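To start, the structure under review is shown below, and the notes come after it.
The values are calculated or read from the model by the stated rules, or taken from the named source; none is laboratory data. Keep in mind that what you see is a predicted model, and the values were worked out from it rather than measured. For the accessible areas, the whole protein counts, side chains as well, though only heavy atoms, and no ligand, DNA or RNA atoms are used. Shrake-Rupley method; radii C 1.70, N 1.55, O 1.52, S 1.80 Å.
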Amino acid sequence: MLTIYKEAINTLVAEMENHRNDVMVILAGYENEMLGFINSNPGFESRIKYKVHFDDYTEDELWQILNNLCKEQDLIIEDEGIREKLEAVFATSQVVHTLGNGRLVRNILDEAITKKSQKLKKDNKNIEDLTYKEINTLKASDFDIDFETLT
């Protein structure tokens with residue numbers, strides 16, 4: 001058992017036992033890692049009364065998350081080709097659960113914004129000469145990123 005697990009579990013068990021009417025412990029994480037954490041102490045699992053599993057987001061939900069994040073940041077998605085480009089990445093996030101698929105969408109968007117900014121800077125355009133739409137529209141080329149680095 002990892003030392004950090006042991007220390008964390010011992011602390012949690014002591015607090016849960018000493019303050020059973022006053023404390024609530026919420027554990028969250030990837031399913032397999034959480035099972036390893038909980039099972040690393042034989043008495044720990046019996047103290048956990050409720051377990052809630054949340055399914056990963058679907059590809060459509062991930063697309064909606066991207067759209068919502070863009071809306072919050074006043075960004076416009078030029079849909080031509082972007083959705084198709086991201087569908088394969090979103091499908092992979094359904095299989096490779098360590099991608100943290102909601103976080104993956106934020107990372108993809110952050111990377112696209114960075115790429116867009118670098119492109120504007122490289123083009124040596126004066127910010128005052130750019131329109132709102134030019135600055136705030138993300139194109140498919142802004143999503144030409146190395147998705148492997150986002151995990």
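Annotations
- Portion, in percent, of the accessible area of the chain that falls on carbon or sulfur, probe 1.4 Å: 51 percent
- Cross-link pairs beyond the 19 Å C-alpha cut-off, checked among K71/K116; K71/K121; K71/K133: K71/K121
- MRE, 222 nm, helices only [DSSP H, n ≥ 4, -39500 (n - 2.57), over the chain, to nearest 500]: -17000 deg cm²/dmol
- A straight Cα-to-Cα reach below 30 Å connects K49 with the lysines K6, residues fewer than 8 places away in its own chain not being considered.
- Prolate/oblate/rounded label for the stretch 1-86 (Cα gyration tensor, a/c 1.5): prolate
- Under a 5 Å amide H cut-off, with hydrogens placed 1.01 Å from N, I76 pairs with T137, L138 among residues at least 5 apart or on other chains.
- Semi-axis lengths (Å, descending) of the ellipsoid that matches the C-alpha gyration tensor of the stretch 4-151: 43, 17, 14
- Per residue, the accessible area of the stretch 5-69 comes to 77 Å² when a 1.4 Å probe rolls over the protein heavy atoms.
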